[in-house]
Amino acid sequence: MNRIKKAFENKKAFIAFITGGDPDIETTEKLVIALTEAGADIIEIGIPFSDPIAEGAVIQEASERSLANGCTVDKLFEMVKRVREKVDTPLLFMTYINPVFVYGKEQFMKKCADCGIDGIIVPDLPFEESDELSYICEQHGITQISMIAPTSEERIKMIAENAGGFLYCVSSLGVTGVRSEINTGVSEMIQKVKAVSSVPCAVGFGISTPEQARDMAAVSDGVIIGSAIVRLAAEYGRDCEGPVKKYAREIKYAMENKNLCRK
């Protein structure tokens with residue numbers, strides 16, 4: 001059984017996102033370990049990019065800091081290779097298509113496989129163009145994760161039938177970022193997926209509190225949290241390991257305890 005599939009076995013998966021290289025590569029490595037110890041079932045590592053169109057201000061600024069501090073794709077490959085010796089948690093890269101093309105698609109996927117990356121998410125690669133990477137991903141055993149949004153409508157069936165690993169369900173319109181309320185039709189979107197596929201559905205974009213995580217876990221197979229974690233990295237810098245670990249434990253606890261904070 002591959003690591004991504006195992007992450008959803010008999011539980012709701014907590015998927016944590018961090019920006020690679022923010023505040024530095026060494027701290028990113030520590031955060032992967034800390035999040036694993038806190039109960040994260042999958043960890044997404046964002047490759048910093050100069051034009052992250054799907055990201056809100058928190059992750060945009062993290063990318064800027066990372067690039068300014070000298071983070072490169074090669075340094076992230078090296079970091080993943082080191083941390084893979086310490087954790088068995090599924091590790092994903094979230095990246096835009098430009099860095100993959102610039103690096104070279106074949107070489108990029110080969111390096112992903114060599115260092116221990118399990119999957120890749122490319123938010124600016126439409127499903128209709130996913131074959132740009134799908135064959136190369138398959139060649140190297142890298143799972144290509146698809147995304148659906150509330151606007152996907154008639155495309156949901158097509159995307160779900162061809163999805164691998166899990167389906168990244170965008171909970172709200174717009175870019176990533178913390179939101180006080182999540183009011184989109186997440187349940188309806190997931191029901192459409194489940195009608196045609198058994199692929200796990202994980203909900204992301206805007207989830208930040210234990211209560212939101214609990215509520216989204218109740219209607220899905222997993223919860224993805226990014227901006228709230230990246231914001232802690234921004235606030236505490238190289239001392240963020242402790243606060244991130246504490247926050248992650250609270251999220252995991254809420255997901256496992258359905259009655260938490262219910263009125």
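Taken together, the values in this text are just the output of simple stated rules run on the coordinates, not laboratory data. These figures come from a predicted structure and were not determined experimentally. Please note: Cβ atoms are built from the backbone with ideal geometry, for glycine as well, and neighbour counts cover all protein chains shown.
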Exercise. Let me know the longest stretch in the chain that avoids all GluC sites (Glu not before Pro) found in a DSSP loop with at most 11 other C-beta atoms within 10 Å.
Key: 182-263
Quiz item: So what are the ³J(HN,Hα) numbers for segment 30-36, from phi and the Karplus equation (6.51, -1.76, 1.60; θ = phi - 60°), rounded to whole Hz, Gly and Pro as x?
Solution: 5, 5, 4, 5, 4, 5, 4
Self-check item: Global geometry of segment 45-156, whether rounded, prolate or oblate, following the gyration tensor of its Cα atoms and the 1.5 cut on a/c
Solution: oblate
Quiz prompt | Prolate/oblate/rounded call for segment 8-66, Cα gyration tensor, a/c under 1.5 rounded | solution = oblate
Self-check item: Relative contact order (percent, whole number), the chain, Cα cutoff 8 Å, 6+ residue spacing
Solution: 23 percent
Practice problem: Check cross-link reach from Lys12 to the lysines: straight Cα distance under 25 Å, and skip same-chain residues fewer than eight apart. | Solution: Lys30, Lys86, Lys157, Lys192, Lys194, Lys245, Lys246, Lys252, Lys258, Lys263
Practice problem: Could you give the spread of the C-alpha atoms of the chain along their three principal axes, from largest to smallest, in whole angstroms? | Solution: 45, 40, 34
